[in-house]
Amino acid sequence: MLLRLAWRNIWRNKRRSLIVIGSVIVGVIATILMDALQNGMIHQMLFNQINLNVSNVQVHKKGFKDKKDINNFISKPAKVETIIKNQPHVKFYSKRVITFGLLSSTDNSSGVYIYGINPSQEKSVSIISKSIVKGKYLDASDGREIVLSKALAKKLNVTIGDKVVGMANTPSGSIGSDVFRVVGIFKTASSEFDKTTVFIPIVSAQQMLNIPGKIHEFAIITDKYENADIVSKALQKKLGKKYEALSYNEILPLLVLQMDLYKQLLIIVNLIIALALIFGIINAMLMAVYERIREIGVLMAVGMKNSKIFSMILIEALIIGVLGTIFGIIFGYGINALLLSGGIDLRWFAESLSSFGVGAIIYPKISLENFIQIITIIPLVSVVGAMYPALKAIRLEPVSAIRYV
Amino acid sequence: MEIIKCENLQKIYQDNGVPVHALKGINLTINKGEFTVIAGPSGSGKTTLLNLLGALDKPTEGTVYFNGEVLYKKKRRELSRLRLENFGFVFQAYNLIPVLTALENIEFSMMLLGIPEKERREKAITLMEELGIAELANKRPNEMSGGQQQRVAVVRAIVNDPDVVFADEPTANLDSKTGDNLLNLMQEMNEKKQITFIFSSHDKQVMERAKRLLILKDGLLEKDN
């Protein structure tokens, strides 16, 4: 009956209750949409990095991550490849030669990371083949072809069919160089990556650097990105101390830290929204208590304990919070599904977004953490907000409450 | 058998910082089964005395005993329990809970006692039928007349079989016929169930029914008939 009484009390003043519930709904919608947008952006940053060149797991000779030395190559890639191939959760992998060098055209030159890749393997591991905006992707593992970004092509003033010269140190300390013909121009969501990365066939890279048959990296895609840690740990155990098997968490610590920070930030933002809601609830419940002082006095007179009166007021606030949360979730997720699932076009901010490794279209992503926070924090906040009015109510003396006009 | 006793009962209110002596030292004993009316002009202290005897207010001086126990030594929780189990209240303005139906208002006190829903419903319906207000069961207070509301309030007051029912000007807002019916009802309860009734009233109709009439004047007990 306490629940029934609380429910009916809420609807005594429909307009006020609907306004309070409405404010909870708006708060919940705002939280959902903001979280979805930020979460989408962060995930896009992460997955862009994973899909560009980071992949889920990388295997190198020990120390290569910190020092990309040409000499730090995997000398027996076949042995490592067999272990990777037989590792559960590994979906795709690609062998890479990686070095830092200079790329020159007749007009200009630029320091770049030169990636020697097996084009067919790389297709499954990175999105470079899908990011070609002009020309074509690399055809074979050999040949003197190069794909570079639109930004770099502009800087070097080259286009499809033009020749560029690649130069880099060889293990012996001499300079290895070769001429490559531009066959493709790509553009990704990351302007930083675009400015500094070029792709050539792996055999050509090995020849130019004089490291035949050697590679620097296995880039691995796992069946689920959540399995990256499992795979990296298993591979590390099997490969031993001479190698490093790293998940994207270890390769992109800053981005992972940013994601963690974002999660904490989300809690703070949710708490700020909750704080705003608290005042709405306090206000509404105080009014509800003041309107019913006489009635509360009668409840005391007929023997209702203070704890029950206190509970009744908290239940009223809880119902308001729960209703607001339910409808807020329905509307918030509905808006997200109906209006935002196709992505939010932020092309006006494309340049600045691209420097963060995010594309111009953000795909909002609802997080489970936020859902859990909403369904716990908002009703809890409603109850906390009602505590002061409830305390006011139970401090009343029955006789003065009954006489209250 | 003595049920309520008060000794040197005094109550001073502060009215904008000015002390007002509402009761100036009342000594009184009420026995079980009495049908007592506290009468007197406005401002004589009737309602104050009733509130003090009913544990709704605290005296400035003096003591109230219920069944030999000092009322105001009890904690708030214990006083709530006492009001729930041993006392019933009927107010001048009926004071039914507006969001509950008549049946639910009557059931409410039983719910507070933890009586199971089926049992309390049966008891409430039986009582309503006995007192001829069964047709009001599903009506909310705003759908009932004053007399009907007050009858429901009386049933609410007696539903937990209290020892004492305190009625503060119960007929003040009713016409004489309705008031008379209500008093019949209370008198019946008094006789049938030996429930002690203490009224505060200056209504002649009520005073005529009193088995014992206490007259208050300026905060003092002037007559005890």
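Please arrange A:Glu397, B:Glu222 by accessible surface area, largest first, computed with a 1.4 Å probe and ligands excluded. Kindly include the intermediate steps, with their values, before the conclusion.
Values: A:Glu397 75, B:Glu222 105 Å².
Sorted descending by solvent-accessible area, the residues read B:Glu222, A:Glu397.
Can you sort B:Asp218, A:Asp35, A:Asp229 by 1.4 Å-probe accessible area, starting with the largest?
Numbers: B:Asp218 95, A:Asp35 0, A:Asp229 55 Å².
Most to least solvent-accessible, the answer reads B:Asp218, A:Asp229, A:Asp35.
Kindly work out what percent of the DSSP beta bridges joining two residues of the protein assembly as shown are antiparallel, to the nearest 5.
Taking every DSSP beta bridge within the protein assembly as shown, about 70 percent pair in antiparallel fashion.
Check the straight Cα-Cα distances from A:Lys263 and name the lysines below 23 Å, setting aside those fewer than 8 residues away within the same chain.
Within reach: A:Lys224, A:Lys365.
Rank these by accessible area, largest first, 1.4 Å probe: A:His43, A:His216, B:His202.
Ranked from most to least accessible, the order is B:His202, A:His43, A:His216.
Take every residue in peptide A:303-309, count the Cβ atoms of other chains within 10 Å of its Cβ, and give the average of those counts.
Details: counts 17, 7, 7, 3, 2, 3, 1.
Average neighbour count from other chains, rounded to a whole number: 6.
Indicate, rounded to the nearest 5 percent, the antiparallel portion of the DSSP beta bridges found entirely in chain B.
55
Between the DSSP loop rule and a limit of at most 10 other Cβ atoms within 10 Å, which trypsin sites (Lys or Arg not before Pro) in region A:376-405 are left? It would help to have the intermediate numbers written out before the result.
Values: sites: A:Lys392, A:Arg395, A:Arg403; in loops: A:Arg395.
For trypsin sites (Lys or Arg not before Pro) across region A:376-405 that sit outside H, G, I, E and B with at most 10 neighbouring Cβ atoms in 10 Å, the list reads A:Arg395.
Per-residue accessible area for A:Phe47 at 1.4 Å probe radius, Å² rounded to 10?
It works out to around 60 Å².
Normalise the Debye intensity by I(0) for the protein assembly as shown, one equal point scatterer per Cα, no solvent, then take log10 at q = 0.11 Å⁻¹ and round to two decimals.
-1.02
For chain B, modelled as a GNM with alpha-carbon contacts under 10 angstrom, which of B:Lys32, B:Lys75, B:Lys139 fluctuates the most?
Comparing B:Lys32, B:Lys75, B:Lys139 in a Gaussian network model of chain B, the most mobile one is B:Lys75.
For region A:38-146, state which trypsin sites (Lys or Arg not before Pro) are in a DSSP loop and have at most 10 other beta carbons lying within 10 Å of their beta carbon.
A:Lys67
Provide the net charge surrounding A:Ile313, with neighbours chosen by a C-beta distance below 14 Å and charges set as Lys +1, Arg +1, Asp -1, Glu -1.
Summing Lys/Arg as +1 and Asp/Glu as -1 gives +4.
Expressed as a rounded percentage, what relative contact order does region B:77-225 have, with Cα pairs under 8 Å and six or more residues apart?
Relative CO of region B:77-225 lands at 27 percent.
Using Cα positions and a limit of under 27 Å, work out the lysines in reach of A:Lys163, with same-chain residues fewer than 8 apart set aside.
A:Lys68, A:Lys95, A:Lys123, A:Lys130, A:Lys134, A:Lys136, A:Lys150, A:Lys154, A:Lys155, A:Lys187, A:Lys195, A:Lys214
What average number of partner chain Cβ atoms lie no more than 10 Å from the Cβ of the residues making up B:49-56?
What the average comes to for B:49-56 is 3.
For region A:109-124, take each phi angle, set θ = phi - 60°, evaluate the Karplus expression 6.51 cos²θ - 1.76 cosθ + 1.60, and give the result in whole Hz per residue in order, putting x for glycine and proline.
Working through the residues one at a time gives 9, 8, x, 9, 8, 9, 9, x, 10, 8, x, 6, 5, 5, 4, 7 Hz.
Rounded to the nearest Å, what's the spacing between the alpha carbon centres of region A:279-310 and region B:108-155? Just the number, please.
The distance from the Cα centre of region A:279-310 to that of region B:108-155 comes to 23 Å.
If you average 1/r over all unlike Cα pairs in region B:1-160 and invert the result, what Kirkwood radius do you get in angstrom?
17.4
Residues with beta-carbon under 11 Å from that of B:Ser176, excluding B:Ser176: net charge, scoring Lys, Arg +1 and Asp, Glu -1?
Once all neighbours under 11 Å are counted, the net charge is -1.
Tell me the accessible surface of A:Val59 in square angstrom (1.4 angstrom probe, heavy atoms of protein chains only), to the nearest ten.
Roll a 1.4 Å probe over it and A:Val59 shows about 0 Å².
Return the lysines within reach of B:Lys11: Cα separation strictly under 24 angstrom, same-chain partners fewer than 8 residues apart disregarded; answer none if there are no such residues.
The qualifying lysines are B:Lys24, B:Lys46, B:Lys58, B:Lys73, B:Lys74, B:Lys75, B:Lys217, B:Lys223.
The values are calculated or read from the model by the stated rules, or taken from the named source; none is laboratory data. Owing to the predicted nature of the structure, the values given are computational and were not obtained by experimental measurement. Heads up, the Cβs are rebuilt from the backbone with ideal geometry, glycines too, and the neighbour counts pull from every protein chain shown. Surface areas here come from the heavy atoms of the whole protein model, side chains and all, with no ligands, DNA or RNA. Shrake-Rupley method; radii C 1.70, N 1.55, O 1.52, S 1.80 Å.
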